[in-house]
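A.B. asks: My structure is below; once you've seen it, I'll send some questions.
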Amino acid sequence: MGGSIIIFVLAVVALLPLSSAADLLSQPPLVPGSDAARLTTLGDQFYWDGRFGEAQVAYERALALDDRSLAANLGLGRIADLRSDADQARAHYSKAFQTNPTHPEAVLAFASVVTGVARQTLLGNFLTLNRHSTNDDRNSDAVARLAIERKLAGRAVGSVADPHQTYRLALSELRSNNLPSGLLLSARINGGKLLSLQLDSGAQGMVLNPEAGRAAGLEILAGAAMFGFGSEQPLLGNVALAASVEFGTLKIANILAQVSDAKLVPYADGLIGLDVFKDFIIHLNARSRRLDLEPFESSEACGDCSQAYRLDNLLLLQAKINGQAEGNFILDTGSAISLISHVMLAGSGRTTRLEGAQGQQEVVRGSTPVSFRVGSQRFLTFDYGTLDTGRISARYRTSIAGVMGYALLREINLMVDFRRGLVKLSR
């Protein structure tokens, strides 16, 4: 699975025991200051546990007690981001910034919902305010973002030449060790040679191997540190701009690409994230080897869709494993198999190490089938592994239960609506 260019490593706050959570939410708080603070702490705990609905309730109750609560507004902004509600995210981050325009986290959050000179100014302010936090990974991230913004100089990123057409893109199946492990999409960057990119719903933008990146005529914007699911250390590279990318008749201008210093994808020229096609309703049918892109204006309401939570470019779906343990799983066509936290499911097979775009990780391969229930749908897979998901959970400050990988998704029709954060899985 490809990683995001920009990763926030946030400190986990001191948390209340969950046994007190129901009591605090059910009783009417009476003291605005202390109870508002306790509720935001509780909301942070719920967020960490992936219980986003309860986190929202806690933050809302805190804000009802103290309408200038910076922590509650930041929390509700994060929830709005998860739910693809850009207007609400902007409103809450703006209120947090107005409450304290010198608070580093409020400044950084507000920077994420503005554009142009305003974003550059806020990123610069954050770096000044946070300069004494020398071990804060957000500093290097903000430096990279600021360099990208300055070099883009107002150019729009990911502009589709004609978003009102329907496009049908042919795919081929990637096989490693003679086993199906993903899907490949052909692309041409800046009029160059045809490249083969792995379709990876866990990647952001394009990720290119060094050779493909050097030959593509890219404009280098900034240095980058790339993390994958199993990464202990980031893989270094650059963020660059592809002026033009063609997928058959579909043309998109100014796509951001991460170019790694070392070969990241062994069986292709790189990765292409589903988020590149966010201006369409995305229909992925692995069995028929097709990626269909439908204009938003011709789409219909989706009553049987599931709400996906968006963490940067990642899509999280709530799933129940074997009818028991429940958690948030990354939708990840770039992972050959599904991966499940060993906290949710004890491993019962052999231990092995998986390598790929998601990094190297030690997993216990499953020996009996496991079921994923998403909404009213139930899907069975034999090809999965259990592992420790603590590292990626800490990176995103919320509990990640694992990934739903290609071995499962290749048997499913997948619909993704990035604008509304909706996903539909069907047979």
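A.B. asks: If a residue has to be crowded, with 21+ Cβ neighbours inside 10 Å and more than 21 Å from the chain's Cα centre (by Cα) to count, how many in segment 44-60 make the cut?
C.D. replies: Qualifying residue count, segment 44-60: 2.
A.B. asks: Which one is surrounded by the fewest Cβ atoms within 10 Å (Cβ to Cβ), of the residues in segment 307-344 that are outside any strand (DSSP E or B) and of a type in the set (A, V, I, L, M)?
C.D. replies: Of segment 307-344, the ones outside any strand (DSSP E or B) are 308, 312-313, 322-324, 332-337, 342-344.
Checking the rest, the ones that are also of a type in the set (A, V, I, L, M) come to 308, 336-337, 343-344.
Numbers: A308: 25, A336: 24, I337: 23, V343: 15, M344: 21.
Looking at residues that are outside any strand (DSSP E or B) and of a type in the set (A, V, I, L, M), I get V343.
A.B. asks: Does A86 satisfy being at pLDDT 95 or above, within 22 Å of G154 (Cβ to Cβ) and of a type in the set (G, A, S)?
C.D. replies: yes
A.B. asks: Something else about it: Just to check your reading of the model, which residue among A156, A106, A161 is of a type in the set (G, A, S) and buried (at least 17 other Cβ atoms within 10 Å of the Cβ)? Steps first, answer last, please.
C.D. replies: Working: A156 fails: buried (at least 17 other Cβ atoms within 10 Å of the Cβ); A161 fails: buried (at least 17 other Cβ atoms within 10 Å of the Cβ).
A106 is the lone residue from the list that is of a type in the set (G, A, S) and buried (at least 17 other Cβ atoms within 10 Å of the Cβ).
A.B. asks: If a residue must be closer than 20 Å to G182 by Cα and modelled with pLDDT of 90 or more, how many such residues does segment 225-247 contain?
C.D. replies: Of the residues in segment 225-247, 1 are closer than 20 Å to G182 by Cα and modelled with pLDDT of 90 or more.
A.B. asks: Answer yes if at least one residue in segment 78-93 is of a type in the set (S, T, N, Q), assigned to a helix (DSSP H, G or I), free of Cβ contacts under 8 Å to residues at least 40 places away in the same chain and more than 21 Å from D35 (Cβ to Cβ), and no otherwise. Break it down stepwise before answering.
C.D. replies: Residues of segment 78-93 that are of a type in the set (S, T, N, Q), as a first pass: 84, 88.
Those left that are additionally assigned to a helix (DSSP H, G or I): 88.
With the extra rule that they be free of Cβ contacts under 8 Å to residues at least 40 places away in the same chain, the set shrinks to 88.
Among the residues that remain, those that are also more than 21 Å from D35 (Cβ to Cβ) are: 88.
Checked against the condition, which is being of a type in the set (S, T, N, Q), assigned to a helix (DSSP H, G or I), free of Cβ contacts under 8 Å to residues at least 40 places away in the same chain and more than 21 Å from D35 (Cβ to Cβ), segment 78-93 yields at least one hit.
A.B. asks: Further, regarding this structure: Check L197, L152 and return the single one that is of a type in the set (A, V, I, L, M, F, W, C) and farther than 30 Å from N125 by Cα.
C.D. replies: Numbers: L152 fails: farther than 30 Å from N125 by Cα.
Of L197, L152, the one residue that is of a type in the set (A, V, I, L, M, F, W, C) and farther than 30 Å from N125 by Cα is L197.
A.B. asks: Those residues that are surrounded by fewer than 23 Cβ atoms within 10 Å (Cβ to Cβ), of a type in the set (A, V, I, L, M, F, W, C) and touching a strand residue (DSSP E or B) at 6+ places or on another chain (Cβ under 7 Å), I need them from segment 188-217; list them, please.
C.D. replies: L194, L195
A.B. asks: Here is a check on your reading of the model: is G366 under 22 Å from S186 (Cβ atoms) and modelled with pLDDT under 90?
C.D. replies: Details: under 22 Å from S186 (Cβ atoms): no; modelled with pLDDT under 90: yes.
Considered against the rule, which asks whether it is under 22 Å from S186 (Cβ atoms) and modelled with pLDDT under 90, G366 comes out as no.
The values are calculated or read from the model by the stated rules, or taken from the named source; none is laboratory data. Given the structure is predicted, the values throughout are model-derived calculations rather than measurements. For neighbour counting, all protein chains shown are included, and Cβ atoms are generated from backbone atoms with ideal geometry for every residue, glycine included.
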